[in-house]
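Here the structure comes first, spelled out in structure tokens, and everything after it is commentary.
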Amino acid sequence: MYPKQLLLALMGLILSSVQAQKRIPEVEQLLQKMTIDEKIGQLNLLTPGGGVATGEVVSQNVGEKIKAGQVGGLFGVAGPDRVRKAQEIAVKESRLGIPLLFGSDVIHGYRTTYPIPLGLSSSWDMDLVRQAAQMAAKEATADGINWNFSPMVDIARDPRWGRIAEGAGEDPYLSSKVAEAMVKGYQGEDLAATHTMLACVKHFALYGAVEAGRDYNSVDMGKIKMFNQYLPPYKAAIDAGAASVMTSFNDVDGVPATGNRWLLTDLLRNQWGFDGFVVSDYTSLNEMTQHGLGDLQAVSALALKAGLDMDMVGEGFLTTLKKSLNEGKVTEADITKACRRVLEAKYISGLFDDPYRYLDFSRPKRDILTMEHRALARKLATRSFVLLKNHNDLLPLEKKGKIALIGPLADSRENMLGTWAPTGDFKLAVTILEGFQNVASEASINHARGANISDDTDFAKNVNALGERIVIDERSPETMLLEAVDLAKSSDVVVAVVGEATEMSGESSNRTDISIPESQKELMRALVATGKPVVLILMSGRPLTISEEFAMPVSILQVWHPGVEAGNAIADVVFGDYNPSGKLTATWPMNVGQIPIYHSAKNTGRPAPESGEFQKFRSNYLDAPNTPLLPFGYGLSYTTFEYSNLSLSKREINQGESITVTVSVNKTGD
Ligand code: NOJ
């Protein structure tokens with residue numbers, strides 16, 4: 001062993017004994033009373049359906065299993081009445097009456113949906129991120145949820161990957177700050193308080209680096225990149241006190257994360273000192289069989305030994321651990337250890353004091369979708385928008401004259417919330433048309449759809465797997481286009497709303513072509529050809545390739561998927577009530593061939609010439625520059641600034657030291 005590894009191993013031993021000292025007497029007494037079957041039962045997380053099932057299996061006979069002490073927690077169940085019913089079965093009808101945890105994916109707001117996480121991160125405002133998480137926790141706990149499958153902190157540098165929408169982009173430092181802010185927002189100071197919930201940092205680990213941007217795919221990464229670029233945000237969430245960790249579907253160094261002992265025990269617990277519990281992702285335990293690691297019994301024993309404590313939906317632990325115990329493949333101590341961690345989470349949530357503490361029937365009305373929350377969602381959305389281009393200073397628009405609001409996303413309630421908003425209700429969302437009417441009521445605002453989000457029916461079918469997000473109009477594309485062009489010609493200014501439907505990003509929503517779909521490109525070309533001033537409101541869950549549109553004489557505002565207050569927030573910025581301040585947190589490539597592309601790329605021994613010109617035998621492309629269309633950190637405002645006098649506090653820096661950078665910023669515009 002190298003001296004450093006030896007030191008880490010020793011620290012690990014010390015940490016485990018510290019953890020042992022922290023044992024909770026009530027939990028230890030309970031463990032004494034539990035049979036082995038009851039302990040295994042606590043390791044089982046089920047979903048009876050009703051939420052979004054992200055796999056092919058949905059749990060069966062859930063009530064019976066709770067009664068038999070075979071369930072530690074549920075997800076996909078919400079509302080004080082439904083949660084109470086399930087909790088009562090656990091408390092009143094199971095032998096030991098151990099309460100259940102109730103989990104949920106509260107990814108960007110509970111009912112008051114705010115911008116997708118990639119958008120929220122573009123605010124670069126950690127206090128706002130914390131407030132957003134706090135609001136989500138207040139609403140979710142009002143509905144009986146006490147455990148959140150968030151934050152998702154996977155570094156993502158491949159915008160083909162649909163789940164880039166769920167994280168904070170490409171940078172480990174920024175993502176770490178966002179991770180910390182979200183954990184603090186969800187968990188507050190006291191996890192037993194009725195407005196706080198357990199956080200679950202996911203997906204541990206490296207899930208954002210799936211090959212070719214294809215979800216659930218393999219990951220292969222060296223340790224330098226892993227520790228410098230990909231692991232810091234998980235560590236930051238743990239340092240901030242995240243109570244649980246969710247494993248990822250991919251392998252890490254050749255071993256699936258869900259059964260990876262190095263990852264779940266050596267690193268997470270022994271080096272980082274994590275003392276909460278680890279849950280698998282949806283059937284990721286069972287999927288270790290597909291990875292080639294044996295049958296359900298073998299992979300369950302392997303995962304338990306590796307450090308997995310709870311099995312999501314797969315029932316591998318439930319159905320095989322007893323057999324493995326009898327066959328000497330796991331020990332009772334292994335099972336007890338995992339069970340203890342789950343029980344400790346219940347204890348710190350206050351569930352042993354009062355299993356119904358999150359079930360106050362008056363709360364949903366009082367705490368969910370309040371005016372105050374909607375106001376915060378509107379503010380968060382305005383802070384997330386990024387002004388990509390302001391041709392001839394066209395923006396902000398005046399609240400007068402004839403405005404043609406055109407595009408398939410301009411009056412599309414179903415696409416405002418964004419991916420992973422199963423607890424939200426798109427029917428409550430403000431469309432852009434409504435937002436414009438609310439904010440600029442003096443102007444004459446007319447709408448034409450102009451195009452379908454996509455004319456490709458096969459593509460639309462795939463996108464619409466969870467509900468109709470791409471609606472193909474009964475009218476022909478030509479008819480829609482003509483109507484839009486006519487409207488544009490008779491207006492003073494055109495505002496075109498184009499981009500991605502909600503489910504074009506998110507889980508299992510990867511794209512090999514990340515441009516604006518052809519039907520909408522056609523629309524843009526036709527609108528620009530009218531010669532009218534054009535504003536492009538661009539909606540997406542990922543960086544897009546927009547070289548063609550960027551070259552057009554248009555102003556472009558990137559709005560992600562803004563949430564329930566979408567239309568109002570967009571109107572606030574378009575009409576200048578708020579000056580856009582968002583900055584990109586993931587690089588926008590010129591074309592798909594540049595991917596992966598990100599700001600902290602290492603030097604090569606043969607760097608491309610700074611002029612950007614091609615040079616033979618240098619690290620460059622024949623057909624495109626190395627630089628992206630829009631770099632990390634990019635974002636304009638309605639005024640201009642000048643940066644000067646940049647200076648560093650010192651010229652050299654050693655490990656562990658910091659450096660102060662000073663710069664003068666002057667506002668030079670109006
Ligand atoms: C699968 C997803 O990968 C994960 O993020 C989510 O929390 C679970 N499904 C539960 O819905």
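Filtered by the rule that a residue be more than 17 Å from Gly418 (Cβ to Cβ) and either touching a helix residue (DSSP H, G or I) at 6+ places or on another chain (Cβ under 8 Å) or assigned to a strand (DSSP E or B) (or both), the stretch 155-172 gives Ile155, Arg157, Asp158, Arg160, Pro172.
Going residue by residue through the stretch 218-232, is there one that turns out to be away from the ligand (no atom under 15 Å from the Cβ), among the basic types (Lys, Arg), closer than 19 Å to Arg341 by Cβ and part of a helix (DSSP H, G or I)? No, the stretch 218-232 contains no residue that is away from the ligand (no atom under 15 Å from the Cβ), among the basic types (Lys, Arg), closer than 19 Å to Arg341 by Cβ and part of a helix (DSSP H, G or I).
Residues that are closer than 21 Å to Ser540 by Cα, part of a helix (DSSP H, G or I) and of a type in the set (A, V, I, L, M, F, W, C) within the stretch 112-154 comprise Leu118, Leu120, Val129, Ala132, listed in sequence order. Screening Gly506 on (1) more than 16 Å from the ligand (Cβ to nearest atom); (2) open to solvent by less than 10 Å² (accessible area, probe 1.4 Å) shows it passes everything except condition (1). Checked against (1) in a loop (DSSP other than H, G, I, E, B); (2) open to solvent by 20 Å² or more (accessible area, probe 1.4 Å); (3) touching a helix residue (DSSP H, G or I) at 6+ places or on another chain (Cβ under 9 Å); (4) more than 16 Å from the ligand (Cβ to nearest atom), Leu397 meets all criteria but (2). Only residues that are touching a residue at least 40 places away in the same chain (Cβ under 8 Å) and part of a loop (DSSP other than H, G, I, E, B) were counted in the stretch 532-551, giving 8.
Quick check, is Leu46 surrounded by 15 or more Cβ atoms within 10 Å (Cβ to Cβ), touching a Ser or Thr at 6+ places or on another chain (Cβ under 8 Å) and under 25 Å from Ala199 (Cβ atoms)? Judged against the criteria, Leu46 is a match.
So which residues in the stretch 201-256 are under 22 Å from Gln271 (Cα atoms) and hydroxyl-bearing (Ser, Thr, Tyr), if there are any at all? Answer for the stretch 201-256, where residues must be under 22 Å from Gln271 (Cα atoms) and hydroxyl-bearing (Ser, Thr, Tyr): Tyr207, Tyr230, Tyr234, Ser244, Thr247, Ser248.
Could you tell me whether the stretch 10-26 includes any residue that is hydrophobic (A, V, I, L, M, F, W, C), surrounded by 13 or more Cβ atoms within 10 Å (Cβ to Cβ) and at pLDDT below 95? Checking the stretch 10-26: at least one residue is hydrophobic (A, V, I, L, M, F, W, C), surrounded by 13 or more Cβ atoms within 10 Å (Cβ to Cβ) and at pLDDT below 95. In the set (1) of a type outside the set (Asp, Glu); (2) in contact with a Cys (Cβ under 8 Å, 6 or more places away or on another chain); (3) surrounded by fewer than 23 Cβ atoms within 10 Å (Cβ to Cβ), Gln229 fails one condition alone, (2).
Take Phe274 and decide whether it is open to solvent by less than 10 Å² (accessible area, probe 1.4 Å) and among the aromatic types (Phe, Trp, Tyr). Here the answer is yes, as Phe274 does meet what is asked.
Going by the conditions given, is Ser384 buried (at least 22 other Cβ atoms within 10 Å of the Cβ) and either among the hydroxyl-bearing types (Ser, Thr, Tyr) or modelled with pLDDT under 95 (or both)? Spelling it out, Ser384 is indeed buried (at least 22 other Cβ atoms within 10 Å of the Cβ) and either among the hydroxyl-bearing types (Ser, Thr, Tyr) or modelled with pLDDT under 95 (or both). The condition of being open to solvent by less than 10 Å² (accessible area, probe 1.4 Å), closer than 29 Å to Val430 by Cβ and away from the ligand (no atom under 16 Å from the Cβ) holds for only one of Val106, Val83, Val129, that being Val129.
Would you say Ala333 is open to solvent by 60 Å² or more (accessible area, probe 1.4 Å), part of a helix (DSSP H, G or I), under 26 Å from Asp266 (Cα atoms) and of a type outside the set (D, E, K, R)? Taking the combined requirement at face value, the residue satisfies it. Scanning the stretch 628-662 for residues that are under 21 Å from Ser600 (Cα atoms), aliphatic (A, V, I, L, M) and either open to solvent by less than 70 Å² (accessible area, probe 1.4 Å) or part of a loop (DSSP other than H, G, I, E, B) (or both) yields Leu629, Leu630, Ile653, Ile659. Looking at the stretch 96-104, is at least one residue part of a helix (DSSP H, G or I) and modelled with pLDDT of 95 or more? No, the conditions are met nowhere in the stretch 96-104.
The values are calculated or read from the model by the stated rules, or taken from the named source; none is laboratory data. Here the structure is a predicted model, which is why all the values come from computation and not from measurement. Neighbour counts run over all protein chains shown; Cβ positions are idealised from the backbone, glycine included. Surface areas here come from the heavy atoms of the whole protein model, side chains and all, with no ligands, DNA or RNA. Shrake-Rupley method; radii C 1.70, N 1.55, O 1.52, S 1.80 Å.
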